[in-house]
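Heads up, the thing below is written out as structure tokens.
Read the figures in this text as sums done on the coordinates, not as results from a lab. Given the structure is predicted, the values throughout are model-derived calculations rather than measurements. Using ideal geometry, Cβ is built from the backbone for each residue, glycine included, and neighbour counts are taken over all protein chains shown.
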Amino acid sequence: MILRRWSGRIRGADEAEYVDYIRRTGADEYAATEGNLGYQIVVRRGADGTSEVATLSWWRDVEAIKRFAGEAYELAHYYPEDDRYLIERPETVDHYEVVEDGRQA
């Protein structure tokens with residue numbers, strides 16, 4: 001299993017709207033992609049009035065990630081309205097091999 005982690009920074013005032021936007025774009029696309037094992041959207045609020053938003057998605061293998069992100073799967077996958085919200089827009093995402101999974105069902 002592979003964990004794919006993307007994060008970006010937004011204005012805190014846009015948090016609810018942007019999380020909903022992610023839900024309707026990337027999250028829906030994750031869920032519709034064969035080999036996706038689930039996802040989470042997480043938020044960390046900063047003292048400076050910004051928020052870091054991250055998506056954590058779990059994938060069966062790299063081939064599944066490529067079905068979502070394309071051959072250059074290490075690059076972030078953006079949608080048309082992302083620029084409206086993001087004040088930090090990373091070019092790449094992080095991938096981690098899950099070597100142990102202690103989550104409780």
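Lys and Arg at +1, Asp and Glu at -1: add these up for the other residues within a Cβ distance under 10 Å of F68 and post the number.
Net charge around F68: +1.
What net charge is computed for the residues neighbouring Y79, neighbours being all others with C-beta under 11 Å from the C-beta of Y79, Lys and Arg scored +1, Asp and Glu -1? Mind showing how you got there, number by number?
Numbers: positive: R24, R84; negative: D28, E29, E81, D82, D83.
So the surrounding residues net to -3.
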Worksheet item: When the dipole is taken about the Cα centre of the chain, and only Lys, Arg (+1) and Asp, Glu (-1) are charged at their Cβ, what size is it in debye, to the nearest 20?
Response: 220
Worksheet item: If you count, for each residue, the other Cβ atoms within 10 Å and average over each peptide, how do 5-12, 47-54 line up from highest to lowest?
Response: 5-12, 47-54
Worksheet entry | Global size of the chain as Cα Rg and Dmax, reported in angstrom | 13.8, 39
